[in-house]
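Working notes, beginning with the structure itself.
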Amino acid sequence: MALEKYHKKRSFKKTTEPQGKIDIVKGKNRFVVQEHHARNLHYDFRLELPEEWRSGSIVLKSWAVPKGVPTEVGIKHLAVATEDHPVEYIDFEGNIPEGNYGAGTVKIWDSGKFSKMKMEFERKKIKILEFTLSGKKLKGDYVMIKTNFSANRDSWLLFKK
Ligand code: MN
């Protein structure tokens, strides 16, 4: 079920993060990169997509990118998939209080639209995403490839083409 993992990790009495609706059927092809000063600084890259990639409720497919989304061609950065976030999270900025999941400050580093989304599957599992970003900082064609680097983490490589 959409957002189950997201809800399990949070107490909405304690954090101002959005609880989110789960019945959104059509996305607006937006993306966001949130700079997250948690225990370790990282950038959360989120794409507004269906939960099951080609079907399902619209969620924010999410990755933690320790070094940020590359702005230049030729740099490959690790992106670790995290739980789907509600679409409303796309505007979230603020402080997640101490003692809560992801405690620290969140601010939007870049946002905009994506286009020309292309998905490739391998044995019915998502393998490659290709898309064009039109943000303020991020512009151009990007590729994400799921890797087999780690058995217990859902790791991807993210780079600009
Ligand atoms: Mn984060």
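Rule-based calculations on the coordinates, nothing more; no lab input. Please read these numbers as outputs of a predicted model, since none were measured by experiment. Neighbour counts are summed over all protein chains in view; Cβ atoms, including those assigned to glycine, are modelled from backbone coordinates with ideal geometry.
Among Val25, Val65, Val80, the residue with the largest mean-square fluctuation in a Gaussian network model of the chain, with springs joining Cα atoms closer than 10 Å, is Val25.
The phi torsions of the stretch 12-19, fed into the Karplus equation with coefficients 6.51, -1.76 and 1.60 and a -60° offset, translate into couplings of 6, 7, 10, 10, 8, 4, x, 6 Hz, rounded to whole numbers, with Gly and Pro shown as x. Near Asn100, once Lys and Arg are set to +1 and Asp and Glu to -1 for all other residues with Cβ below 15 Å from its Cβ, the sum equals +3. For Val59, nonlocal amide neighbours, meaning residues 5 or more places apart or on other chains whose placed amide H falls under 5 Å from its own, are Leu49, Glu51.
Under a no-solvent Debye model with one identical scatterer per Cα of the stretch 1-117, what's log10 I(q)/I(0) at q = 0.20 Å⁻¹? Summing over Cα pairs of the stretch 1-117 leads to -1.15. The GluC sites (Glu not before Pro) of the stretch 93-146 that meet both conditions, a loop assignment by DSSP and at most 16 other Cβ atoms within 10 Å of the site Cβ, are Glu93, Glu98. Amide hydrogen proximity for Asp154: with H placed 1.01 Å from N in the peptide plane, the residues at 5 or more positions away or on another chain lying under 5 Å are Ala81.
The calculated 222 nm mean residue ellipticity attributable to helices in the chain amounts to -500 deg cm²/dmol, summing -39500 (n - 2.57) over DSSP H runs of n ≥ 4 and dividing by all residues.
The distance between label points at Ser55 and Lys113 comes to 2.8 nm (points 7 Å beyond Cα on the Cα→Cβ vector).
Report the Rg/Rh value for the stretch 14-73, based on alpha-carbon coordinates and the Kirkwood definition of Rh. Display every interim value, and only then the final one.
Values: Rg = 13.4 Å, Rh = 13.0 Å.
Using only Cα positions, Rg/Rh for the stretch 14-73 is 1.03.
Between Lys137 and Lys13, the C-beta separation translates, for a Förster distance of 25 Å, into a calculated FRET efficiency of about 0.10.
Charged neighbours of Val87, selected by a Cβ distance under 15 Å, balance to -2 (K, R count +1; D, E count -1).
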